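See structure below.
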Amino acid sequence: MTKAAFRFSAAMALGLMAAPVHAENQSVEMLHFWTSGGEAESVRALQDALAAKGIAWKDAAVAGGTGANAYQVLRSRVASKTPPSGAQMHIQETLVWAREGLLRDLSGLAAKDGWRDSVLASIQPNYVVDGKWIAVPVTMHRSNWLWYNTALLKKVGAEPPKDWDEFNAIAGKLKAAGITPLALGGQNWQYGDLLENIILAKGGPEFYRKVIAGDHEAIKSETMVSVFDQVAKLRGYVDEGSPGRDWNLATAMVINGEAAFQIMGDWAKAEFALAGKQPDVDYGCVSAPGTGGGFVWLVDNFAFFDTGDDASRAAQDTLAETVLDPKVQVDFAIKKGSIPVIRDFDNARLDVCGRRSFEDRTSAEGKNGVVPSIFHNAAMPGAQTGVYLDVVSEFFVTPSMTSQDAIEALIEGLDQL
Ligand code: GAL
């Protein structure tokens, strides 16, 4: 061995050569559930921005809409003491991990970077628990959207419906023309999304808030009967392939002209974009029927586990700073279909659906019409949401179950918690 080669290998052995030794720490392993075509494309926007700062994003993706499978994997990884550096999660999940004392406190970073001033004030109370920032908000989605295939609506001479009566009338025409009215994936959370949209439509924001609060009078009311009556009507508007279908395959039905409508959060837009479809030309994005003055929000967060060394903490901090960078906020939101979680950004860069989301939220704020999504874990603890998921799923697939039966099952389930 030459002297130089000896010095090199000795330095390697002692860990004196900075670049190779740190390289393995300059990464963050992120557990997430962004696995559809459009979602994977959006993740790339974050990966690229992070790579530009010398940090690699190690992907730990777990398929399954709204994260139930990913949350399961996260639990087992934490139990086996091999947590990822970070995980995508909704507000309620974040609160659970924070209460367990397992998340990194990001307050130092938040103070240094001025998150109090930059992050939307309305969502901050969800992140600051006992004075500590428990996660970094990444992006805001909206669940009360109706997506439609423009050509199919034209075929039956219909305009996008503003309320459920109009929707039902158009669905009748579509069926008569041999077109599936509603693209639906029969999975419990997708039934749930229908339910939360119809609760808001039939009852308005105050009623919706009462339901979240577990108000028995609201849950037993005639309004709730009319909510389940409308859910029951939807059974007749979906195709036979609906049970078990993933949400993005339902979106593909609208994209390909196999169904006219889908009620889905704005992550659906990423699928239309990936297929090269133009908003307001090939497809439309409007408020879900009857929810015009309202905005049902949910936020995806990144929460970080303390994996124990300064290098990995620094990499986590860099990721948090990257996602809140105003340019990255917009780059990501454009791809994901969401809107930024910061106050100041270049609104003009959003497409027509993104701008509509932003304008609708502003107008809903003025009417106290902004409410959290139940089925994307922004509104209530998991056990309570679980009762709703069970009841609405059973209801949808059991035509003999009446709206009154569903309400009784809800009350019974909630009372047992
Ligand atoms: C939501 C999540 C979105 C999107 C969607 C489908 O719960 O917040 O980012 O991934 O589920 O999985």
Residues satisfying the stated conditions in the stretch 163-216, i.e. assigned to a loop (DSSP other than H, G, I, E, B) and either within 22 Å of LEU153 (Cβ to Cβ) or outside the structural domain of ALA268 (by TED's automatic domain parsing) (or both): ASP163, ALA177, GLY178, ILE179, ALA183, LEU184, GLY185
Residue in the stretch 208-222 that is within 23 Å of GLY284 (Cβ to Cβ), more than 16 Å from the ligand (Cβ to nearest atom) and of a type outside the set (D, E, K, R) present: no
Test: LEU152 is in contact (Cβ under 8 Å) with a residue 24 or more places away in the chain, part of a helix (DSSP H, G or I) and more than 16 Å from the ligand (Cβ to nearest atom): yes
Test set (1) assigned to a helix (DSSP H, G or I); (2) touching a residue at least 12 places away in the same chain (Cβ under 8 Å) - LYS277 fails condition number: (1)
Qualifying residue in the stretch 375-396 (condition: farther than 25 Å from TRP147 by Cβ, within 16 Å of the ligand (Cβ to nearest atom) and open to solvent by less than 40 Å² (accessible area, probe 1.4 Å)): yes
Members of the stretch 43-66 found to be on the phi > 0 side of the Ramachandran plot and either away from the ligand (no atom under 14 Å from the Cβ) or in contact (Cβ under 8 Å) with a residue 40 or more places away in the chain (or both), listed by number: GLY54, THR66
Residue pairs meeting the criteria (Cβ under 7 Å; at least 6 apart or on separate chains; first of a type in the set (Val, Ile, Thr), in the stretch 109-121; second surrounded by 10 or more Cβ atoms within 10 Å (Cβ to Cβ)): VAL119/PRO137; VAL119/VAL341; VAL119/ILE342
Exclusive hit being crowded, with 17+ Cβ neighbours inside 10 Å, outside the structural domain of LYS269 (by TED's automatic domain parsing) and either more than 22 Å from the chain's Cα centre (by Cα) or more than 14 Å from the ligand (Cβ to nearest atom) (or both), set VAL129, VAL136: VAL136
Extreme residue, nearest to the ligand (Cβ to nearest atom), among residues of the stretch 239-253 that are assigned to a loop (DSSP other than H, G, I, E, B) and of a type in the set (Gly, Ala, Ser): GLY244
Residue satisfying all of: in the stretch 256-273; under 14 Å from LEU194 (Cα atoms) and over 14 Å from the mean Cα position of the chain (by Cα); farthest from the ligand (Cβ to nearest atom) among these: PHE261
Where a residue in the stretch 78-105 is assigned by TED's automatic domain parsing to the domain that holds VAL43 and assigned to a strand (DSSP E or B) and its partner, wherever it lies, is at pLDDT 95 or above and open to solvent by 30 Å² or more (accessible area, probe 1.4 Å), with Cβ under 8 Å and at least six apart: GLY86/GLU29
Number of positions in the stretch 231-257 that are within 15 Å of GLU394 (Cα to Cα) and of a type outside the set (D, E, K, R): 6
Selected residue (criterion: nearest to the ligand (Cβ to nearest atom)) from residues of the stretch 280-316 that are in a helix (DSSP H, G or I) and surrounded by 19 or more Cβ atoms within 10 Å (Cβ to Cβ): GLN316
Boolean, THR35 is open to solvent by 20 Å² or more (accessible area, probe 1.4 Å), at pLDDT 95 or above, polar (S, T, N, Q) and not in a helix (DSSP H, G or I): yes
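The values are calculated or read from the model by the stated rules, or taken from the named source; none is laboratory data. The structure displayed is predicted, hence computed values, not measured ones. Heads up, the Cβs are rebuilt from the backbone with ideal geometry, glycines too, and the neighbour counts pull from every protein chain shown. In case anyone asks, the SASA skips ligands and DNA or RNA and just uses the protein heavy atoms, side chains included. Shrake-Rupley method; radii C 1.70, N 1.55, O 1.52, S 1.80 Å.
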